[in-house]
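First comes the structure, then the notes that go with it.
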Amino acid sequence: MTTPRLAIFDCDGTLVDSQANICMAMEHAFDEMGMAPPPRHATRRIVGLSLVEAMRQLLPEAEDALHRDMAERYKQAFYTLRGNGLVDEPLYDGMAAVLSELDENGWLLGVATGKSDRGLERCLDHHGIKGLFVTLQTADRHPSKPHPSMVWQALADAGADAANAVMIGDTIYDIHMGKAAGCRTIGVNWGYHPLDELREAGADHLVESMEELMHALESRV
């Protein structure tokens, strides 16, 4: 039997552009505590991390109890925004076509994300693409990126090996996670970390368009 090829996508900043939602929820959480919210560029830097780890990055001097409390406040702020119809997570232009073409070409598809199970499923259902993925890994069941746990589980679910898997993401956390699991890695330029940082993190490919992404995925270099 042919060993399956597995493409594992990050979600926020790779499949969908969710920075506006994330920044708004973060600002609500900090406002609720009477603290000045971090600048948006700082919030974009932590996209992809699990919430407690993200708060550690944003509040390095704070106690762990505050990190956990802020993570819960962020979740509640996000749920409130969603309930008020303010959450918008558009797919990046051309991404739906990429996913469809990969599926038609025999690739297995997965997601490894800092989102919650509920948040990821709602996002994928909204865009009608959940059925394309054979494995969905979230921060609810794994250590924060860049720990490779999510990738290891995705490989197990898909029956794939690391040599035939690719991690696609927009942050250094995605690149470090994929490399720690022994996968090929692709850094995309439409997300939240610049290409030079993805290069320094060791990305095997750097892409600036959906066409380049398809070419890099099919490349064996």
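The values are calculated or read from the model by the stated rules, or taken from the named source; none is laboratory data. Predicted, not measured: the structure shown is a model, and the values here were computed from it. Because the Cβ atoms are built from the backbone with ideal geometry, glycine has one as well, and the counts that use them run over all protein chains shown. In case anyone asks, the SASA skips ligands and DNA or RNA and just uses the protein heavy atoms, side chains included. Shrake-Rupley method; radii C 1.70, N 1.55, O 1.52, S 1.80 Å.
Observations on the structure shown:
- For segment 184-193, the set of residues classified as under 24 Å from Thr43 (Cα atoms) and open to solvent by 10 Å² or more (accessible area, probe 1.4 Å) consists of Asn189, Trp190, Gly191, Tyr192, listed by residue number.
- Some residue of segment 171-183 being in contact with a Gly (Cβ under 8 Å, 6 or more places away or on another chain), among the β-branched types (Val, Ile, Thr), crowded, with 23+ Cβ neighbours inside 10 Å and closer than 21 Å to Asp93 by Cβ: yes
- Evaluation of Ala77 against the conditions (1) within 15 Å of Ala29 (Cα to Cα); (2) touching a residue at least 60 places away in the same chain (Cβ under 8 Å) shows that the sole unmet condition is (2).
- Output for segment 96-152, where each listed residue is out of contact with any His (no Cβ under 7 Å at 6 or more places or on another chain) and among the polar types (S, T, N, Q): Ser100, Asn105, Thr113, Ser116, Thr135, Gln137, Thr138, Ser144
- Total residues in segment 32-70, condition farther than 19 Å from Lys115 by Cα and among the small types (Gly, Ala, Ser): 4
- Lone qualifier among Arg199, Arg118 - being under 30 Å from Gly83 (Cα atoms) and either surrounded by fewer than 22 Cβ atoms within 10 Å (Cβ to Cβ) or among the polar types (S, T, N, Q) (or both): Arg118
- Filter pass, Asp103 being touching a residue at least 24 places away in the same chain (Cβ under 8 Å) and outside any helix (DSSP H, G or I): no
- No other residue among Gly13, Gly94, Gly48 is open to solvent by less than 50 Å² (accessible area, probe 1.4 Å), modelled with pLDDT of 95 or more and either within 28 Å of His147 (Cβ to Cβ) or β-branched (Val, Ile, Thr) (or both) apart from Gly13.
- Scanning segment 110-139 for residues that are touching a strand residue (DSSP E or B) at 6+ places or on another chain (Cβ under 8 Å) and farther than 29 Å from Ala71 by Cα yields one hit, Leu132.
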